[in-house]
Each structure stands twice: as C-alpha cells, then as structure tokens.
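Contents: one structure, followed by commentary.
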Amino acid sequence: MKSGVKRLLRRAGFDIVRSTNNRGGVDDFIPFEATMRAARAAGLSVGDYIDEVMNGTPGATQSTVDELRTLGVFDANPGTVLEIGPGSGRYLEKTMKECAPSRYEIYETAAPWANYLVDTYSVIAQPTAGCSLAPTPDASIDLVLAHKVFNTLTFLSTCRYFFEMARVTRPGGRIVFDVMTEGCLDPATVSAWTSQGGEGHDSYPAAMPRQTCVDLFATLDCTLEASFLAPMGFASTEVLVFGKGRDS
Ligand SMILES: C[S@@+](CC[C@H](N)C(=O)[O-])C[C@H]1O[C@@H](n2cnc3c(N)ncnc32)[C@H](O)[C@@H]1O
C-alpha cells in the first residue's frame with residue numbers, strides 16, 4: 001500500500017490489519033472495514049478500488065488475468081486452485097470467473113480478509129503458518145497462484161513457499177506468481193523505490209532473481225512457460241508461469 005494512503009488511514013483513525021505468522025516480511029495488510037467502506041463510498045468493487053484509487057493502476061488486475069488467459073493458463077479449466085495471500089480477493093474473483101473451480105483453497109494471514117473471502121466466495125481458508133502449505137496434499141492442485149505476495153515476504157519465506165507450491169501442484173498443473181526481478185529494477189526504478197518506497201518497511205519491496213526461480217523450479221520438475229511484466233504502483237513485477245511435468 002502506498003505510504004500516503006497509510007498516513008491518511010492512520011490519521012482517520014484506522015488501524016492496519018496485523019497478519020499473524022509472518023516471519024520478517026511486511027506484516028500488515030490494508031484494514032478490512034475501512035477499505036470496504038471506502039470502496040462502497042466510491043461506488044467500486046473492492047478490487048477496482050484497490051487498483052484505481054489505492055494503487056493508481058486502473059485495470060491492473062484484469063490485465064494480468066487477461067494475459068494469463070491469452071497464455072492458456074485457464075484452457076484446461078483447472079478444477080482445483082490454491083492461492084497464497086489473496087488479500088481482498090481482487091485476483092481470486094477474476095480467476096473464479098475464468099475457470100469456476102470446484103475447490104479453491106486460500107492461505108491468508110489477515111484473518112478479516114480470509115473470513116470475508118470464505119463468506120463471499122465459499123473458498124476454503126487453510127491454516128496459514130509461515131510458509132507452509134502442509135494441509136494441502138501432494139500433487140492435488142491444478143493451478144497454484146500468488147499475486148503481489150512475494151515482494152512482501154523475505155527471500156527465505158518466498159523460497160520455502162516455492163518448494164511447497166511445486167509439491168502441491170499435480171503433474172500437468174501450473175504455478176503462477178510474480179516477483180520483482182532484475183527486469184523490474186532499472187536504475188531509475190531503483191532510485192524511485194529509494195525515495196518513494198515502503199515507509200516503515202525496509203523489507204518491502206523484496207527482490208528475487210529471475211534465474212534463481214527458473215533454476216530452482218527446474219529441479220522441481222517445473223518449466224518456465226511464459227513471463228510478462230505487470231504494474232505495481234509506479235513500478236512493476238514480473239509474472240512467471242511454470243508448468244509442472246511438461247516439456248515445453
Ligand atoms: C500486498 S498483499 C497482496 C494481496 C492480493 N494478492 C492482491 O494482490 O491484492 C500481500 C498479501 O499476503 C498476505 N500474507 C502476508 N504474509 C503471508 C504469508 N506468510 N502467507 C500467506 N499470506 C500472507 C497479506 O495478508 C496480504 O493479503
């Protein structure tokens with residue numbers, strides 16, 4: 001969240017939602033009640049409110065989902081989906097429209113948002129402890145997602161999630177996540193992050209080398225199929241699409 005928005009929310013008396021079990025990354029998420037109220041007042045869905053008003057990137061969520069559709073991520077109609085850190089559910093809502101899965105598991109540390117997603121979309125909120133997907137059996141998920149999460153976690157937490165994501169994905173399934181790679185870190189952007197970046201959060205945004213992801217997932221039988229840049233505020237992250245047990 002932009003620091004200006006945080007300041008405004010604090011001035012208005014809103015607390016930031018504390019996540020639990022977050023080991024060293026950005027340990028908060030936008031406040032549930034205040035965000036819902038503000039979205040309603042603006043006449044927007046909560047997802048559109050976050051895109052347009054809070055992040056200044058109208059249409060960003062839809063453009064990523066559109067790109068994933070173009071890449072064929074939803075072609076096989078994934079019946080089981082798992083999303084790490086869905087937050088407000090802005091990607092979850094659009095993913096559900098693309099593939100209508102019979103089972104959608106979430107791992108989310110911010111309890112008010114997890115409860116809201118369970119009530120609104122009938123997803124299954126799994127106990128979320130650190131970076132484990134232990135409640136999910138091996139090779140049980142068709143599509144594993146994490147959007148705008150791994151730039152808020154530490155390197156180690158993200159890597160631990162990587163192993164888990166590969167474990168729960170079935171052969172033929174896909175893994176989609178974005179990370180802030182070197183492709184998102186030209187000198188001008190680095191300079192902008194240093195002056196405009198996460199007030200009070202030296203750990204945000206966290207970077208992750210692209211080749212590290214490619215090499216690590218290759219050892220887990222996951223091949224990089226595609227990648228593209230997606231907006232993140234004034235900057236971007238890189239979305240990586242891996243296929244498990246595929247040759248491409
Ligand atoms: C920057 S927000 C992104 C939310 C959502 N994916 C989006 O793009 O709007 C990061 C999300 O990850 C959640 N989170 C933080 N640490 C987590 C962890 N260890 N496991 C799962 N979710 C976590 C936060 O509560 C928040 O919902």
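Some observations on this one:
- Members of the range 94-141 found to be charged (D, E, K, R) and either part of a helix (DSSP H, G or I) or modelled with pLDDT under 95 (or both), listed by number: Lys94, Lys97, Glu98, Asp119
- Some residue of the range 142-154 being among the hydroxyl-bearing types (Ser, Thr, Tyr), within 15 Å of the ligand (Cβ to nearest atom) and modelled with pLDDT of 95 or more: no
- Lone qualifier among Gly233, Gly243, Gly197 - being within 25 Å of Thr70 (Cα to Cα) and modelled with pLDDT under 95: Gly233
- Candidate set from the range 136-154 (those that are more than 15 Å from the chain's Cα centre (by Cα) and more than 11 Å from Lys244 (Cβ to Cβ)); member that is most open to solvent (accessible area, probe 1.4 Å): Asp138
- The range 201-218 residues that are farther than 9 Å from Asn151 by Cα, paired with ones that are of a type outside the set (Phe, Trp, Tyr) and open to solvent by 60 Å² or more (accessible area, probe 1.4 Å) (beta carbon under 9 Å, 6 or more apart): Pro209/Glu182; Arg210/Glu182; Gln211/Glu182
- Once the range 157-166 is narrowed to residues that are closer than 15 Å to Phe217 by Cα and in contact (Cβ under 8 Å) with a residue 40 or more places away in the chain, the residue that is nearest to the ligand (Cβ to nearest atom) is Tyr161.
- The set of residues from the range 95-112 being more than 11 Å from the ligand (Cβ to nearest atom), surrounded by fewer than 22 Cβ atoms within 10 Å (Cβ to Cβ) and not acidic (Asp, Glu) comprises Met96, Lys97, Cys99, Ala100, Pro101, Ser102, Arg103.
- All told, Asp215 meets the bar of being surrounded by fewer than 16 Cβ atoms within 10 Å (Cβ to Cβ) and closer than 24 Å to Glu67 by Cα.
- Check on Asp186, on the phi > 0 side of the Ramachandran plot, modelled with pLDDT of 95 or more and open to solvent by 20 Å² or more (accessible area, probe 1.4 Å): no
- Qualifying positions in the range 230-245 - surrounded by fewer than 16 Cβ atoms within 10 Å (Cβ to Cβ) and touching a strand residue (DSSP E or B) at 6+ places or on another chain (Cβ under 6 Å): Gly245
- Residue list for the range 113-124, restricted to those being open to solvent by less than 20 Å² (accessible area, probe 1.4 Å) and either closer than 25 Å to Phe163 by Cα or touching a residue at least 60 places away in the same chain (Cβ under 8 Å) (or both): Trp113, Ala114, Val123
- Positions within the range 39-90 being of a type in the set (Gly, Ala, Ser), open to solvent by less than 30 Å² (accessible area, probe 1.4 Å) and part of a helix (DSSP H, G or I), in sequence order: Ala39, Gly47, Ala60
The values are calculated or read from the model by the stated rules, or taken from the named source; none is laboratory data. These numbers were taken from a predicted model, which means no experiment stands behind them. For neighbour counting, all protein chains shown are included, and Cβ atoms are generated from backbone atoms with ideal geometry for every residue, glycine included. Note: areas computed on protein heavy atoms with side chains; ligands, DNA, RNA excluded. Shrake-Rupley method; radii C 1.70, N 1.55, O 1.52, S 1.80 Å.
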